Amino acid sequence: MFAVLKTGGKQYKVSSGDMLRVEKLAADAGEKVQFNEILMLGGDKPVVGAPLVDGAAVQAEVVDQIKGDKVIHFVKRRRKHSSKRTKGHRQQLTLLRVTEILEKGADKSGVKAAMGAGSVSAVAVTAAAKPAKKAEKKAEAKKEAPKKAAKAAAGGDDLKQLSGVGPALEKKLHEAGVTTFAQIAAWTDADVADMDEKLSFKGRIEREGWIEQAKELAKG
């Protein structure tokens, strides 16, 4: 019995016990892998897929990770200022021993699917999901910020009494956790620089004299 499988953009006709060299797979020597893209099964009753044979698979054991023969690529340009370039390349391959051809039950075999070294693995998918979760949390935090700011403002001072502070700037300050004159009065040079950078105030704090105003307003 034989099977025609597809991997790495190529087709291979294999039988049990055959040694096979394919495009590099993400597997270590000694591991067992399963090829699920089976185009044809041959034997007493040949089966041709449309395009794949449903439930069929080829299982193989990874013997080693190897490199193919060196290929020389030479380019020469015949011009006034001629140039030439030589490059060598050795394709990375995986050496396999075919152990079994399954006519049915490929999905229940428990053997991991053969996956190219450049394919997106389950680990990569998980890693990609982490930034997505972080982005979701960041979006949730952004939605919650106005609610927190409103809650903080309810028990804080009217920061619009400061020179140059309108509703928009007051909202920014609330979102940054600043709700009272006492907080602003206690700012250090480092705090001022941090707020300038964080909220893009561009020197407004010092220019408008918020700290001195806040000290007076905090006294009542």
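Here, each number is a calculation from the coordinates, and none is a lab measurement. Just so we're clear, the structure is a prediction, and the values are computed from it rather than from any experiment. Here the Cβ positions follow ideal geometry from the backbone for every residue, glycine too, while neighbour counts run over all protein chains shown.
A few notes on this one:
- Amide H contacts under 5 Å for L102, placed H, 5+ residues apart: A57, V58, Q59
- Mean Cα-pair separation over length for the chain, i.e. relative contact order, pairs under 8 Å, 6 or more apart, %: 17 percent
- Considering only S109, F2, Q213, and ranking their Cα positions along the charge dipole of the chain that arises from unit charges at the beta-carbon of Lys, Arg, Asp and Glu, the one farthest toward the positive end is F2.
- Computed per residue of the chain from DSSP H runs no shorter than four, each worth -39500 (n - 2.57), the mean residue ellipticity at 222 nm is -10500 deg cm²/dmol.
- At R0 = 25 Å, FRET efficiency that the Cβ-Cβ distance of A117 and V48 yields, to 0.05: 0.25
- An ellipsoid equivalent to the chain, defined through the eigenvalues of its Cα gyration tensor, has semi-axes of 69, 28, 14 Å when rounded to whole angstrom and sorted largest first.
- For the pair A168 and H81 in one chain, pulling the backbone fully straight at 0.36 nm per residue adds 24.9 nm over the alpha carbon distance.
- Derived scalar couplings ³J(HN,Hα) [the range 43-48; Karplus, 6.51 cos²θ - 1.76 cosθ + 1.60; whole Hz; x for Gly, Pro]: x, 5, 10, x, 10, 10
- When the P(r) is computed for the range 2-119, the part past 20 Å accounts for 49% of the Cα-Cα pairs.
- For D18, residues with placed amide H under 5 Å, excluding near neighbours: V98
- Fewest-first ranking of T179, T99, T94, T188, using other Cβ atoms within 10 Å as the exposure measure: T188, T99, T179, T94
- Highest-fluctuation residue, L95, L25, L199 considered, GNM on the chain with Cα pairs under 10 Å: L199
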